[in-house]
Amino acid sequence: MLDNNDIRSAIVAWLKGNAAIVANLTAGGTGAVEIRELWWQGEDFLFPNIRVTCSSSIPTQCDYSDIDAIISYFSEEKSSKKSLVGQGVIAKQLHKKSVSQNSVSLVNMRVINLPDAVQEGGIWKADVILSMRVSEV
């Protein structure tokens, strides 16, 4: 059975390998590909960046689990535009896709919500909320 860390790691690796997402993230920023788990505890936080979290259910069958994931795009721009554009790029790259990464199969990914960007402490955050089915490859 896969745990949340396996699933998060697969999503992070796939995002890092997606040219459109990386291009949007690095355009006009530091040039760094900052895509990590949500609770990453580093010392340097470069912006813009993407963070990933997920929660899996008890497997409904022996071979797969249904999960929800949140991919958050953070920006320290004065307006929410950068985070909302990043949110749109992520959503477009993931909606109705099925991929395999790090021995994890992410199937029938569906964007189920694109909430409006929120600002806290001068940082904009725009979430992409996904639902998918996961299994080991």
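Which entry in [x] 49, 20, 13; [y] 26, 14, 14; [z] 30, 22, 10 matches semi-axes √(5λ) of the Cα gyration tensor in Å derived from the coordinates of this structure? Answer by label: [y]. Ranked for footprinting exposure by Cβ neighbours inside 10 Å, fewest first, THR53, THR30 give THR30, THR53. Across the chain, C-alpha contacts under 8 Å between residues 6 or more apart give a mean separation that, scaled by the residue count, equals a relative contact order of 25 percent.
Over the chain, dividing the summed -39,500 (n - 2.57) contributions of all DSSP H runs of at least 4 residues by the number of residues returns a 222 nm mean residue ellipticity of -8000 deg cm²/dmol. The antiparallel fraction among DSSP beta bridges confined to the stretch 4-136 stands at about 90%.
The angle between the Cα long axis of helix 4-16 and the longest principal axis of the Cα atoms of the chain comes to about 50 degrees, rounded to the nearest 10. Think of each Lys and Arg Cβ as +1 and each Asp and Glu Cβ as -1; about the Cα centre, that makes the dipole of the stretch 4-136 roughly 480 debye.
Readers should treat all values here as calculations from the given coordinates under stated rules, not as data from a laboratory. The model shown is predicted, which means the values in this text are computed figures rather than measured ones. With ideal geometry, Cβ positions are generated from the backbone for all residues, glycine too; neighbour counts draw on all protein chains shown.
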